[in-house]
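Take a look at the structure set out below.
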Amino acid sequence: MKLEEVNKQIKVCRRCRLFETRANALCGEGPRDARIMLVAQAPGENEDREGRMFIGPSGKVLDELLRMAGVCRDEIYITNLIKCMLPRYRKPKQDEIVACSKYLDEEIDVINPSVLAPLGYYASRYIFMKYSLDFPDREEVYTIYGRLFLTSNGKDGGAAKKIYPLRHPAALLYNEGLSEEMERNYHKLGILLHDCAWFKRCPERRRLQEVSMDNEWLELYCKGDWESCPYFAVEGGRER
Ligand code: SF4
Ligand code: SF4
(Lines give C-alpha, C1' and ligand atoms only; values in the text may rest on other atoms or scores of the structure.)
(Ligands and ions follow the chains in the order given, each with its own letter.)
Protein backbone atom coordinates (compact mmCIF):
# COMPACT_ATOMS: atom_id res chain seq x y z
CA MET A 1 0.00 0.00 0.00
CA LYS A 2 1.23 3.54 -0.73
CA LEU A 3 1.73 6.03 2.09
CA GLU A 4 -0.75 8.44 0.46
CA GLU A 5 -3.41 5.74 0.71
CA VAL A 6 -2.63 5.06 4.38
CA ASN A 7 -2.75 8.79 5.16
CA LYS A 8 -6.03 9.19 3.30
CA GLN A 9 -7.58 6.46 5.44
CA ILE A 10 -6.22 7.94 8.68
CA LYS A 11 -7.72 11.36 7.95
CA VAL A 12 -11.28 10.03 7.70
CA CYS A 13 -10.98 7.08 10.08
CA ARG A 14 -13.83 6.18 12.44
CA ARG A 15 -12.56 2.81 13.60
CA CYS A 16 -12.74 3.77 17.28
CA ARG A 17 -14.51 6.24 19.61
CA LEU A 18 -11.63 8.74 19.42
CA PHE A 19 -12.92 10.12 16.10
CA GLU A 20 -15.74 11.80 18.07
CA THR A 21 -13.44 14.04 20.08
CA ARG A 22 -10.64 14.81 17.63
CA ALA A 23 -10.20 17.84 15.42
CA ASN A 24 -7.51 16.13 13.29
CA ALA A 25 -6.30 12.57 12.90
CA LEU A 26 -2.53 12.90 12.54
CA CYS A 27 -0.49 11.25 9.81
CA GLY A 28 3.23 10.62 10.26
CA GLU A 29 5.80 13.14 9.04
CA GLY A 30 9.23 12.64 7.54
CA PRO A 31 11.15 11.15 4.62
CA ARG A 32 9.88 7.91 3.06
CA ASP A 33 13.32 6.34 3.14
CA ALA A 34 13.95 7.27 6.79
CA ARG A 35 16.38 4.99 8.59
CA ILE A 36 14.84 5.84 11.98
CA MET A 37 11.15 5.97 12.86
CA LEU A 38 10.08 7.56 16.17
CA VAL A 39 6.76 6.24 17.46
CA ALA A 40 5.06 8.48 20.02
CA GLN A 41 1.84 7.67 21.88
CA ALA A 42 -0.81 10.08 20.56
CA PRO A 43 -1.27 13.74 19.56
CA GLY A 44 -1.68 16.38 22.25
CA GLU A 45 -4.08 19.35 22.19
CA ASN A 46 -1.82 21.56 20.05
CA GLU A 47 -1.16 18.78 17.58
CA ASP A 48 -4.88 17.95 17.40
CA ARG A 49 -5.78 21.58 16.72
CA GLU A 50 -3.09 22.24 14.10
CA GLY A 51 -2.87 18.76 12.57
CA ARG A 52 0.96 18.62 12.90
CA MET A 53 3.26 16.32 14.85
CA PHE A 54 5.05 17.52 18.01
CA ILE A 55 4.32 21.25 17.92
CA GLY A 56 3.40 21.68 21.61
CA PRO A 57 5.63 21.73 24.72
CA SER A 58 6.76 18.11 24.13
CA GLY A 59 7.74 19.12 20.61
CA LYS A 60 10.03 21.83 21.98
CA VAL A 61 11.69 19.25 24.24
CA LEU A 62 12.03 16.82 21.33
CA ASP A 63 13.56 19.50 19.10
CA GLU A 64 16.12 20.38 21.76
CA LEU A 65 17.04 16.72 22.39
CA LEU A 66 17.41 16.17 18.63
CA ARG A 67 19.46 19.36 18.25
CA MET A 68 21.86 18.16 20.95
CA ALA A 69 22.08 14.79 19.17
CA GLY A 70 22.90 16.51 15.86
CA VAL A 71 19.74 15.15 14.25
CA CYS A 72 17.36 17.21 12.09
CA ARG A 73 13.68 16.42 12.31
CA ASP A 74 13.52 16.01 8.56
CA GLU A 75 16.05 13.16 8.73
CA ILE A 76 13.68 10.91 10.68
CA TYR A 77 10.09 9.75 10.33
CA ILE A 78 7.85 10.63 13.29
CA THR A 79 4.47 9.08 13.90
CA ASN A 80 2.06 7.99 16.67
CA LEU A 81 0.68 4.69 17.88
CA ILE A 82 -2.76 6.34 18.25
CA LYS A 83 -3.57 8.87 15.54
CA CYS A 84 -6.27 10.86 17.39
CA MET A 85 -5.97 12.86 20.61
CA LEU A 86 -6.79 11.06 23.85
CA PRO A 87 -9.31 13.22 25.78
CA ARG A 88 -7.76 14.87 28.85
CA TYR A 89 -4.53 13.00 28.08
CA ARG A 90 -5.98 9.77 29.42
CA LYS A 91 -4.27 6.45 28.76
CA PRO A 92 -5.13 4.63 25.52
CA LYS A 93 -7.59 1.75 25.89
CA GLN A 94 -6.66 -1.64 24.49
CA ASP A 95 -9.45 -1.63 21.87
CA GLU A 96 -8.18 1.77 20.63
CA ILE A 97 -4.66 0.37 20.28
CA VAL A 98 -6.01 -2.65 18.42
CA ALA A 99 -8.10 -0.45 16.10
CA CYS A 100 -5.40 2.12 15.34
CA SER A 101 -2.21 0.06 15.25
CA LYS A 102 -3.05 -1.18 11.75
CA TYR A 103 -1.99 2.25 10.49
CA LEU A 104 1.33 2.10 12.32
CA ASP A 105 1.90 -1.40 10.92
CA GLU A 106 1.25 -0.07 7.42
CA GLU A 107 3.59 2.88 7.94
CA ILE A 108 6.34 0.51 9.11
CA ASP A 109 5.77 -1.65 6.02
CA VAL A 110 5.98 1.33 3.66
CA ILE A 111 8.83 3.27 5.30
CA ASN A 112 10.71 0.10 6.30
CA PRO A 113 13.01 1.82 8.81
CA SER A 114 15.93 -0.17 10.18
CA VAL A 115 15.51 1.47 13.61
CA LEU A 116 12.20 1.81 15.43
CA ALA A 117 12.36 4.13 18.44
CA PRO A 118 9.12 3.87 20.46
CA LEU A 119 8.65 6.72 22.94
CA GLY A 120 7.19 5.83 26.33
CA TYR A 121 5.32 2.87 27.76
CA TYR A 122 2.43 2.19 25.35
CA ALA A 123 4.36 2.65 22.11
CA SER A 124 7.23 0.52 23.48
CA ARG A 125 4.86 -2.22 24.65
CA TYR A 126 3.18 -2.33 21.24
CA ILE A 127 6.47 -2.52 19.31
CA PHE A 128 7.95 -5.14 21.64
CA MET A 129 4.85 -7.33 21.31
CA LYS A 130 4.74 -6.85 17.53
CA TYR A 131 8.28 -8.21 17.24
CA SER A 132 7.89 -10.86 19.97
CA LEU A 133 10.42 -9.28 22.31
CA ASP A 134 10.07 -9.76 26.08
CA PHE A 135 8.49 -6.69 27.63
CA PRO A 136 9.08 -5.92 31.32
CA ASP A 137 6.43 -5.20 33.98
CA ARG A 138 5.31 -1.59 34.10
CA GLU A 139 7.46 -0.68 37.14
CA GLU A 140 10.52 -2.12 35.36
CA VAL A 141 9.93 -0.44 32.00
CA TYR A 142 12.65 2.14 32.67
CA THR A 143 15.20 -0.69 32.27
CA ILE A 144 14.62 -0.87 28.48
CA TYR A 145 15.00 2.85 27.74
CA GLY A 146 18.24 3.62 25.92
CA ARG A 147 18.99 -0.05 25.13
CA LEU A 148 19.26 -1.42 21.61
CA PHE A 149 17.33 -4.61 20.81
CA LEU A 150 17.46 -6.68 17.65
CA THR A 151 14.43 -8.52 16.30
CA SER A 152 14.71 -11.96 14.75
CA ASN A 153 15.00 -12.09 10.97
CA GLY A 154 11.78 -12.58 9.12
CA LYS A 155 9.38 -12.23 12.04
CA ASP A 156 7.79 -9.24 10.35
CA GLY A 157 8.30 -10.70 6.90
CA GLY A 158 11.45 -8.63 6.31
CA ALA A 159 14.94 -8.01 7.63
CA ALA A 160 15.76 -7.75 11.34
CA LYS A 161 14.96 -4.40 12.90
CA LYS A 162 16.68 -2.56 15.68
CA ILE A 163 14.38 -1.41 18.46
CA TYR A 164 15.57 1.54 20.52
CA PRO A 165 12.98 2.51 23.17
CA LEU A 166 13.21 5.96 24.72
CA ARG A 167 11.34 7.93 27.34
CA HIS A 168 8.74 10.22 25.79
CA PRO A 169 9.98 13.85 25.60
CA ALA A 170 7.02 14.86 27.83
CA ALA A 171 8.72 12.99 30.70
CA LEU A 172 11.21 15.86 30.91
CA LEU A 173 8.39 18.38 31.38
CA TYR A 174 7.44 16.64 34.63
CA ASN A 175 10.84 15.54 35.86
CA GLU A 176 13.88 17.67 35.07
CA GLY A 177 16.01 15.13 36.90
CA LEU A 178 15.76 12.93 33.82
CA SER A 179 17.64 15.40 31.61
CA GLU A 180 21.07 13.76 31.82
CA GLU A 181 19.71 10.29 31.09
CA MET A 182 17.48 11.50 28.26
CA GLU A 183 20.20 13.61 26.62
CA ARG A 184 22.52 10.58 26.74
CA ASN A 185 19.91 8.25 25.27
CA TYR A 186 18.66 10.63 22.58
CA HIS A 187 22.30 11.31 21.61
CA LYS A 188 22.41 7.73 20.26
CA LEU A 189 19.82 8.63 17.62
CA GLY A 190 22.58 10.62 15.92
CA ILE A 191 24.79 7.51 16.06
CA LEU A 192 22.08 5.17 14.77
CA LEU A 193 21.45 7.46 11.82
CA HIS A 194 24.64 6.27 10.03
CA ASP A 195 26.76 3.13 9.67
CA CYS A 196 30.15 3.12 11.36
CA ALA A 197 32.59 5.38 9.47
CA TRP A 198 35.10 2.47 9.27
CA PHE A 199 32.56 0.01 7.91
CA LYS A 200 34.20 -0.47 4.49
CA ARG A 201 37.80 -0.71 5.68
CA CYS A 202 37.46 -2.28 9.12
CA PRO A 203 39.26 -5.69 9.27
CA GLU A 204 37.26 -6.68 12.34
CA ARG A 205 33.98 -6.12 10.49
CA ARG A 206 35.28 -8.22 7.56
CA ARG A 207 36.31 -11.00 9.92
CA LEU A 208 32.93 -10.93 11.63
CA GLN A 209 31.11 -11.10 8.33
CA GLU A 210 33.29 -13.57 6.47
CA VAL A 211 34.54 -15.85 9.22
CA SER A 212 32.08 -15.84 12.08
CA MET A 213 29.02 -14.59 10.10
CA ASP A 214 28.10 -12.61 13.20
CA ASN A 215 25.09 -10.72 11.92
CA GLU A 216 24.05 -9.61 15.39
CA TRP A 217 27.33 -7.73 15.95
CA LEU A 218 27.06 -6.21 12.49
CA GLU A 219 23.55 -4.92 13.16
CA LEU A 220 24.03 -3.84 16.77
CA TYR A 221 27.42 -2.17 16.30
CA CYS A 222 28.58 -1.65 12.68
CA LYS A 223 25.10 -0.58 11.53
CA GLY A 224 23.92 0.43 15.00
CA ASP A 225 25.67 1.79 18.07
CA TRP A 226 29.15 1.88 16.54
CA GLU A 227 30.20 4.46 19.12
CA SER A 228 30.13 1.67 21.75
CA CYS A 229 32.11 -0.84 19.64
CA PRO A 230 35.41 -1.71 21.37
CA TYR A 231 37.16 -1.74 17.96
CA PHE A 232 35.88 1.68 16.97
CA ALA A 233 38.51 3.63 18.93
CA VAL A 234 41.24 1.32 17.52
CA GLU A 235 40.10 1.70 13.91
CA GLY A 236 39.58 5.43 14.35
CA GLY A 237 43.06 5.72 15.88
CA ARG A 238 44.64 3.87 12.93
CA GLU A 239 43.02 6.28 10.47
CA ARG A 240 44.19 9.30 12.39
S1 SF4 B 1 -7.58 6.76 16.95
FE2 SF4 B 1 -7.01 5.62 15.10
S3 SF4 B 1 -8.56 4.03 14.90
FE4 SF4 B 1 -9.39 5.57 16.30
S5 SF4 B 1 -10.55 6.95 14.97
FE6 SF4 B 1 -8.50 7.81 15.19
S7 SF4 B 1 -7.38 7.06 13.40
FE8 SF4 B 1 -9.19 5.77 13.65
S1 SF4 C 1 31.52 -0.89 14.58
FE2 SF4 C 1 33.46 -1.76 15.21
S3 SF4 C 1 33.67 -3.70 14.08
FE4 SF4 C 1 32.06 -2.49 13.07
S5 SF4 C 1 33.07 -1.34 11.41
FE6 SF4 C 1 33.07 -0.02 13.24
S7 SF4 C 1 35.01 -0.36 14.28
FE8 SF4 C 1 34.66 -2.07 12.84
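Do we find a residue being near ligand 2 (Cβ under 8 Å from one of its atoms) and surrounded by fewer than 19 Cβ atoms within 10 Å (Cβ to Cβ) anywhere in segment 180-196? Spell out the reasoning first.
Taking segment 180-196 and keeping what is near ligand 2 (Cβ under 8 Å from one of its atoms), we get 195-196.
This time we only want the ones that are surrounded by fewer than 19 Cβ atoms within 10 Å (Cβ to Cβ), so: 195.
Taking every residue of segment 180-196 in turn, at least one turns out to be near ligand 2 (Cβ under 8 Å from one of its atoms) and surrounded by fewer than 19 Cβ atoms within 10 Å (Cβ to Cβ).
I'd like to verify a number: residues in segment 97-118 that are part of a helix (DSSP H, G or I) and of a type in the set (Gly, Ala, Ser), how many? Walk me through how you get there before you give the answer.
Pass one, segment 97-118, residues part of a helix (DSSP H, G or I): 97-111.
The next check asks that each one be of a type in the set (Gly, Ala, Ser); those that pass are 99, 101.
Qualifying residue count, segment 97-118: 2.
Test TYR142 against the criterion of being in a helix (DSSP H, G or I), under 15 Å from the mean Cα position of the chain (by Cα) and hydroxyl-bearing (Ser, Thr, Tyr), and give yes or no. Walk me through how you get there before you give the answer.
Values: in a helix (DSSP H, G or I): yes; under 15 Å from the mean Cα position of the chain (by Cα): no; hydroxyl-bearing (Ser, Thr, Tyr): yes.
No: the conditions fail for TYR142.
Scan segment 67-87 and report the pairs whose first residue is in the same structural domain as GLY120 (by TED's automatic domain parsing) and under 14 Å from ASN24 (Cα atoms) and whose second residue is open to solvent by 30 Å² or more (accessible area, probe 1.4 Å) and in a loop (DSSP other than H, G, I, E, B), with Cβ atoms within less than 7 Å and a gap of 6+ or a chain change.
That search, which allows pairs on different chains as well, returns ASN80/GLN41; ILE82/GLN41; CYS84/ARG22; MET85/THR21; MET85/ARG22; PRO87/THR21.
Results for (1) without any contact (Cβ under 8 Å) to a residue 40 or more places away in the chain; (2) in contact with a Phe, Trp or Tyr (Cβ under 7 Å, 6 or more places away or on another chain); (3) within 24 Å of GLY56 (Cβ to Cβ); (4) of a type in the set (Lys, Arg), shown as yes or no for each residue.
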site	(1), (2), (3), (4)
TYR145	no, no, yes, no
ILE163	no, yes, no, no
MET182	no, no, yes, no
GLY190	no, no, yes, no
GLU204	yes, yes, no, no
LEU208	yes, yes, no, no
SER212	yes, no, no, no
ASN215	no, no, no, no
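Filter segment 161-198 for residues that are assigned by TED's automatic domain parsing to the domain that holds GLU47 and aromatic (Phe, Trp, Tyr); which is nearest to PRO43 (Cα to Cα)?
TYR174
Does TYR174 satisfy the condition of being open to solvent by 70 Å² or more (accessible area, probe 1.4 Å) and in contact with an Asp or Glu (Cβ under 7 Å, 6 or more places away or on another chain)? Working first, answer last.
On the way: open to solvent by 70 Å² or more (accessible area, probe 1.4 Å): yes; in contact with an Asp or Glu (Cβ under 7 Å, 6 or more places away or on another chain): no.
It is false that TYR174 is open to solvent by 70 Å² or more (accessible area, probe 1.4 Å) and in contact with an Asp or Glu (Cβ under 7 Å, 6 or more places away or on another chain).
Of the residues ARG138, ARG125, only one is surrounded by fewer than 20 Cβ atoms within 10 Å (Cβ to Cβ), modelled with pLDDT of 95 or more and away from ligand 2 (no atom under 16 Å from the Cβ); which?
One residue alone meets the criteria, ARG125.
Residue under question is LEU66, and the condition is that it be surrounded by 15 or more Cβ atoms within 10 Å (Cβ to Cβ) and under 23 Å from LYS8 (Cα atoms); does it hold? Lay out the reasoning, then the answer.
On the way: surrounded by 15 or more Cβ atoms within 10 Å (Cβ to Cβ): yes; under 23 Å from LYS8 (Cα atoms): no.
Answer is no for this residue.
I need the full set of residues from segment 85-108 which are among the aromatic types (Phe, Trp, Tyr) and at negative phi, in order please. Give the steps one after another, and end with the answer.
Restricting attention to segment 85-108, the residues satisfying the condition of being among the aromatic types (Phe, Trp, Tyr) are 89, 103.
Scanning segment 85-108 gives a single hit, TYR103.
Residues checked against (1) within 16 Å of ligand 1 (Cβ to nearest atom); (2) in a helix (DSSP H, G or I); (3) modelled with pLDDT of 95 or more:
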| position | (1), (2), (3) |
| --- | --- |
| ARG184 | no, yes, yes |
| GLY190 | no, yes, yes |
| ASP195 | no, no, yes |
| GLN209 | no, yes, no |
| PRO230 | no, no, no |
| ALA233 | no, yes, no |
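Say we look at segment 82-96 and pick out the residues that are in a loop (DSSP other than H, G, I, E, B) and more than 9 Å from ligand 1 (Cβ to nearest atom); which of these is most open to solvent (accessible area, probe 1.4 Å)? Please lay out each step first, then the result.
First pass over segment 82-96, keeping only residues in a loop (DSSP other than H, G, I, E, B): 82-86, 90-93.
Filter once more, so that each one left must be more than 9 Å from ligand 1 (Cβ to nearest atom): 90-91, 93.
Values: ARG90: 63, LYS91: 128, LYS93: 90 Å².
Only one residue tops the list, namely LYS91.
Could you identify the single residue in GLU64, GLU96 that is more than 16 Å from the chain's Cα centre (by Cα), more than 16 Å from ligand 2 (Cβ to nearest atom) and within 24 Å of HIS194 (Cα to Cα)?
Working: GLU96 fails: within 24 Å of HIS194 (Cα to Cα).
Just a single option satisfies the conditions, and that option is GLU64.
Within segment 42-49, can one find any residue that is touching a Ser or Thr at 6+ places or on another chain (Cβ under 9 Å), farther than 16 Å from TYR186 by Cβ and not in a helix (DSSP H, G or I)?
yes
Return the residue satisfying two criteria in turn: it lies in segment 218-227 and is outside any loop (DSSP other than H, G, I, E, B) and either among the charged types (D, E, K, R) or open to solvent by 60 Å² or more (accessible area, probe 1.4 Å) (or both), and of such residues it is nearest to ligand 1 (Cβ to nearest atom).
Our first condition is that a residue be outside any loop (DSSP other than H, G, I, E, B); within segment 218-227, this holds for 218-222, 226-227.
Okay, now just the ones that are also either among the charged types (D, E, K, R) or open to solvent by 60 Å² or more (accessible area, probe 1.4 Å) (or both), so 219, 221, 227.
Numbers: GLU219: 31, TYR221: 37, GLU227: 37 Å.
Going through the qualifying residues, I end up with GLU219.
The values are calculated or read from the model by the stated rules, or taken from the named source; none is laboratory data. What you see is a predicted model, and the numbers here were worked out from it, not measured in a lab. Cβ: placed from backbone, ideal geometry, glycine included. Neighbour counts: every protein chain shown. What goes into the accessible areas is simple: the full protein's heavy atoms, side chains included, and nothing from ligands, DNA or RNA. Shrake-Rupley method; radii C 1.70, N 1.55, O 1.52, S 1.80 Å.
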